[in-house]
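The values are calculated or read from the model by the stated rules, or taken from the named source; none is laboratory data. Just so it is clear, the model here is predicted, and its values are computed rather than measured. Heads up, the Cβs are rebuilt from the backbone with ideal geometry, glycines too, and the neighbour counts pull from every protein chain shown.
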Amino acid sequence: MAIIVQKYGGTSVADAEKIRRAAKRVIKTVENGFGVVVVASARGKQTD
């Protein structure tokens, strides 16, 4: 099984809707038969 790394941070996780959108992308990748490693960094305009 191939593994895909997906990184989300900044504006891509700035609010609840964008977090849901990122989660749907992760789910779709898994459904397509890939393993997924998710890297999540700080939300928009925040630091780690």
## Note on the structure
Across (1) modelled with pLDDT under 95; (2) in contact with a helix residue (DSSP H, G or I) (Cβ under 7 Å, 6 or more places away or on another chain), Q6 clears everything bar (1)
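When you look at K7, is it assigned to a loop (DSSP other than H, G, I, E, B) and of a type in the set (K, R), yes or no?
On the way: assigned to a loop (DSSP other than H, G, I, E, B): no; of a type in the set (K, R): yes.
No, not satisfied.
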### Query
Which residue pairs have Cβ atoms under 7 Å apart, sit 6 or more places apart or on different chains, and have a first residue in region 16-30 that is among the β-branched types (V, I, T) and a second that is part of a helix (DSSP H, G or I)?
I19/V13
### Query
What tally of residues in region 1-30 results from selecting those that are more than 9 Å from the chain's Cα centre (by Cα) and closer than 17 Å to A42 by Cβ?
6
### Task
Collect the residues in region 11-48 that are closer than 15 Å to M1 by Cβ and touching a Ser or Thr at 6+ places or on another chain (Cβ under 8 Å), keeping them in residue-number order.
V36
